[in-house]
Amino acid sequence: MNLSSVLEEIESDARQYIGRGMVADYIPALARVPADKFGMAVHTAKGQTFNVGDSAEAFSIQSISKVFSLMLAMRIADDERLWNRVGREPSGNAFNSLVQLEHEKGIPRNPFINAGAIVVIDALISVLDEAKDCFLDYARRLSGDSSIGFDEDVARSEYEHGYINFALANFMKAHDNIENSLDLVLDAYFHHCSLAMSCEQLARAFLPLANDGFSPVIADSVLTDRQSRQINSLMLTCGLYDAVGRFAYRVGLPAKSGVGGGIVAIVPNEMTIAVWAPELDENGNSVVGTRALELFAQITGRSIF
Ligand code: GLN
């Protein structure tokens, strides 16, 4: 199958969906991104790449960074302790729900909602001296690109408007589920979210999850094959917040979205797919990106089922 022409076909179909969503504006720095951007990149485990549209343009990866945070934490933090502090169940609620966290006494449902990622990052800070720098270095190594960086404007904008994230973190601190200072943890959290990467860089960086934990970019394993399967399971069940069931029904692949409009999907043992289109649906997932992945699965016949 010629994936280049598949991606071109997908772009022309998916672009018709532009105008049906809204660019995130609760983080003012994100609201400035043009709504008509569209990029898509596929990277195969065997080393081939296919790209279309704005696939080389960096955007704010937002919650997609929660996968990198978890990959690093599963590698270096105490596993049992980590999973005592954060669950592994779909949330069925908004990614920044306070009600759910209160109901569950400060233990977030999963590592891919905001509260869960804040706990994962707190666990990283407890074992790393310069956690923020280590995280950036990790993302650079995974993608084989040292030019990747935090977008300080986005990080600041989130800090200045991060009332709900502060509320989530304060609430967890009150329940003894945050070990470090809130300022330190939230500064790291906002920086992780602000990471700017292109679809091409994301597709490369996610290869370990399509490759039993082995990164062809680093030429080494960054996860065990079991950990890689575990993270894929969490993406399938928790990667798109409260729309995860609909997404699994339409696309049938483990994936993670972010409010910057990016989504990364995994075809285990075969390839990674990154797509970016900024307009979001009411759950905070890219409208055009979801359509593009649905078409990709249909045309190529790929699904984990
Ligand atoms: N930085 C965003 C927030 O904290 C991340 C949310 C997302 O991408 N869903 O609200």
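The values are calculated or read from the model by the stated rules, or taken from the named source; none is laboratory data. Nothing here was measured: the structure is a model prediction, and the numbers come from that model. With ideal geometry, Cβ positions are generated from the backbone for all residues, glycine too; neighbour counts draw on all protein chains shown. Ligands, DNA and RNA are excluded from the accessible area calculation, which covers all protein heavy atoms including side chains. Shrake-Rupley method; radii C 1.70, N 1.55, O 1.52, S 1.80 Å.
Remarks
- Looking across the stretch 248-305, just one residue is within 12 Å of the chain's Cα centre (by Cα) and among the charged types (D, E, K, R), and that is Lys256.
- Identity of the residue in the stretch 182-200, outside any strand (DSSP E or B) and open to solvent by 10 Å² or more (accessible area, probe 1.4 Å), that ends up farthest from the ligand (Cβ to nearest atom): Glu200
- Yes/no for Gly258 being at pLDDT 95 or above, within 12 Å of the ligand (Cβ to nearest atom) and either in contact with a helix residue (DSSP H, G or I) (Cβ under 8 Å, 6 or more places away or on another chain) or closer than 23 Å to Ser69 by Cα (or both): yes
- Positions within the stretch 22-41 being open to solvent by 50 Å² or more (accessible area, probe 1.4 Å) and more than 16 Å from the ligand (Cβ to nearest atom), in sequence order: Pro34, Asp36
- Set Phe135, Phe112: member being assigned to a loop (DSSP other than H, G, I, E, B) and crowded, with 20+ Cβ neighbours inside 10 Å: Phe112
- Number of positions in the stretch 42-64 that are within 16 Å of the ligand (Cβ to nearest atom) and in a strand (DSSP E or B): 2
- Among the candidates Ile125, Ile118, residue that is open to solvent by 10 Å² or more (accessible area, probe 1.4 Å) and in contact with a helix residue (DSSP H, G or I) (Cβ under 9 Å, 6 or more places away or on another chain): Ile125
- Of residues in the stretch 201-220 being farther than 14 Å from Phe68 by Cα and either of a type in the set (Asp, Glu) or within 16 Å of the ligand (Cβ to nearest atom) (or both), the one surrounded by the fewest Cβ atoms within 10 Å (Cβ to Cβ): Asp220
- Cβ separations smaller than 6 Å between residues 6+ apart or across chains give the following pairs from the stretch 239-263 residues that are assigned to a loop (DSSP other than H, G, I, E, B) to residues that are basic (Lys, Arg) and buried (at least 24 other Cβ atoms within 10 Å of the Cβ): Gly239/Lys256.
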